[in-house]
Amino acid sequence: MDVPAYILNHKAVVDFYGRWPLFHDAKVPVYVAPTPESQSLSFTLHTWQMTDEVDAKGFFVLRKHALVSFRFDGIHDTEMDAFAAKNILFGMELSPSGDGSSFQVVLDSAMDMSGSFSARKGEVVSVIPCTSDGKEV
């Protein structure tokens, strides 16, 4: 996936993982929905780097667990009614609009809780290393 240079502080994710991840199987421990007074939303994804190694139980070995927090402002075209914390994602897609004034975010859920929205501004608020169960280290 291309690095979304229009996301402020995107380099923090690339520095941590060596690339921009797909956020496949990412867990959503935190979601703050927009309100009528606010045109912003935020969420945190518990994500990791999957290796090609297999453990004794036959599962892929996961490394570099982190809590990646995002904030988006100037949101519009919001379809987030089904999206919630405790969600698990197939992935997150980001794509710029044709005129460059905003970009679209698609959160594809493995749990029938997908969502999408467009935003004028987005940023990676933090990348915090964590344990495999999502606790900060």
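The values are calculated or read from the model by the stated rules, or taken from the named source; none is laboratory data. Everything numeric here is computed off the predicted structure, so don't read it as measured data. Reconstructed Cβ throughout: ideal geometry from the backbone, glycine too, with neighbour counts over all protein chains shown.
Below, the figures for the structure above:
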item: Any hit, segment 51-64, residues being in a loop (DSSP other than H, G, I, E, B) and either polar (S, T, N, Q) or in contact with a Phe, Trp or Tyr (Cβ under 6 Å, 6 or more places away or on another chain) (or both); result: no
item: Neighbours by Cβ (under 7 Å, 6+ apart or cross-chain): first from segment 102-119, touching a residue at least 60 places away in the same chain (Cβ under 8 Å); second assigned to a strand (DSSP E or B) and β-branched (Val, Ile, Thr); result: Ala110/Ile88; Phe117/Thr78; Phe117/Val105
item: Residue among Leu94, Leu67, Leu8 that alone is touching a Cys at 6+ places or on another chain (Cβ under 6 Å) and within 17 Å of Glu123 (Cβ to Cβ); result: Leu67
item: Any chance Ser116 is more than 18 Å from the chain's Cα centre (by Cα) and among the polar types (S, T, N, Q); result: no
item: Candidates Val68, Val125, filtered to the one that is buried (at least 18 other Cβ atoms within 10 Å of the Cβ), at pLDDT 95 or above and within 18 Å of Arg19 (Cα to Cα); result: Val68
